[in-house]
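The values are calculated or read from the model by the stated rules, or taken from the named source; none is laboratory data. None of these values were measured; they are calculated from a predicted model. FYI the Cβ positions are ideal-geometry reconstructions off the backbone, even for glycines, and counts take in every protein chain you see.
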Amino acid sequence: MPSRSPGVSRKTRQQLLQELGVLQERLQQLEAAVPFRRMPSQGTAGEEAQPLVQSVVRHLSNVVTVMLGYTELALRNLSPEAKDRRYLEEVLAAGKRMRDLLHKAFPPSRGSH
């Protein structure tokens, strides 16, 4: 019987794998669909949509930040040789790619923090 890392149940591993798969799929879709330059707003439709886009990007960024933080905390609690560590490292790598994608596609404006 394979050894388990302390504090990581079989259900948790299955959930991590499932969530990792969903995250990787969404990241690939975004990478394929989002241009890596800021698109100028043209006319009132673009200007009206800009606050909504900024809000969505801010929320996505917040979710990615939380995901990265909790993943880093979980990694700190696992021994370096833990078998489950690679799953969390994949989640961390995918989260960093998402963060970088958001920054490339929607660079922070000068007025943002």
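Quick look at the values:
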item	result
Residue within the stretch 100-107 that is surrounded by 12 or more Cβ atoms within 10 Å (Cβ to Cβ), of a type in the set (A, V, I, L, M) and under 20 Å from Gln18 (Cα atoms) present	no
Criterion: surrounded by 10 or more Cβ atoms within 10 Å (Cβ to Cβ), at pLDDT 70 or above, farther than 15 Å from Arg99 by Cα and polar (S, T, N, Q) - qualifying residue of Gln54, Gln15	Gln15
Per-region count, the stretch 76-97, residues in a helix (DSSP H, G or I), surrounded by 16 or more Cβ atoms within 10 Å (Cβ to Cβ) and not basic (Lys, Arg)	7
Count - residues of the stretch 18-45 that are at pLDDT below 60 and either assigned to a helix (DSSP H, G or I) or aromatic (Phe, Trp, Tyr) (or both)	4
Close pairs from the stretch 12-41: first β-branched (Val, Ile, Thr), partner modelled with pLDDT of 70 or more, Cβ under 7 Å, at least 6 apart	Val34/Leu101; Val34/Ala105
